[in-house]
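Each remark here refers to the structure printed beneath this line.
Since every read-out is calculated from the coordinates, none of them should be taken as a lab result. No experiment lies behind these values; they were computed from the predicted model shown. Counting neighbours? That spans all protein chains shown, and the Cβs are built from the backbone with ideal geometry, glycine included.
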């Protein structure tokens, strides 16, 4: 009985092994082909993925190269335009940059009145023909241009101090999702003059159909500063080549504030030289006044005699040359 069951079990095992062997013989080639097919499909997918990754990397590199070339071309174009337009401003440009609302006839009328007043004062107090002629030209040409230059310099200084704050307002507006035009409009309403008036002029140019990049570049014409030029170049490049405007303007704001710090440091370092130059330049005038107050007969010959007038003129010329040289020695351009 027991041997019968063992025989049945052994027969079943042999039958199963035989069936497995037959299945292996007939199905081995099919399984092998399926494995090879799966491996080929996997290799194709891997190759396709690597190819797609390589193509994407090449495309990104090509985009970077194209963008870099576009930026370089834009910078070269802007630099060429800046070199062509870089010249000494004329009288009309000086008045425009000073923000004065006067016409050229009004300026010439003021110059004529100033020259006449200086001529009368020189004839009254000096009584010398040479001194009177020199005073007339000082009042006609020197004083009006000096006043316009001082107003222009003060306006440019106020613009430079307020401009980084305006750039920060634009950066915060762009990060908040506002268009660049709206940010410029906010600055034109909220900023202090002359920044507000200059940005209003940008908006006016846009209303006349001038593109934003060109309107911003015109800022350097009315406000000839490196800060305004940097701002115009950044906006022009971003409009032409794209990119992260908020990041670019943030970097620009940092550069502007670093320039301001550098300017303050230079002023502190050159203060001693400026004080020395002021003392040396004013010393002859102070000594002459003191000598005139103590012994007027000793020094009055310089004002009454023609030879003395020539000596005074020569001394004034030499002193002016010395002061100019000292000013150039402590005038740092950065």
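Quick notes on this structure:
- Most tightly packed first, judged by the mean number of other beta-carbon atoms within 10 Å of their residues, the peptides 128-135, 285-292 read 128-135, 285-292.
- Least to most buried among 221, 198 (fewest other Cβ within 10 Å first): 221, 198
- Classification of segment 267-334 by its C-alpha gyration tensor yields an oblate form. The axis ratio a/c (a ≥ b ≥ c) is 1.5 or more, and b/c is at least a/b.
- Computed E for residue 125/residue 165 - FRET, C-beta separation, R0 30 angstrom, nearest 0.05: 0.05
- Gyration tensor (alpha-carbon) shape descriptor, segment 158-257, a/c threshold 1.5: rounded
- Computed FRET value (nearest 0.05) for residue 313 with residue 91, which takes r as the C-beta separation and R₀ as 22 Å: 0.25
- R0 of 35 Å, Cβ-Cβ distance residue 297-residue 267: FRET efficiency to nearest 0.05: 0.20
- The radius of gyration of the Cα set in segment 91-264, together with its Dmax, comes out at 21.1, 71 angstrom.
- Near-label residues of segment 158-176 by backbone N, under 18 Å of a point 7 Å along Cα→Cβ of residue 192: 158-170
- C-alpha center-to-center spacing [segment 135-196, segment 290-334] in angstrom: 38 Å
- Length-normalised contact order of segment 91-264 in % [C-alpha pairs under 8 Å, at least 6 apart]: 19 percent
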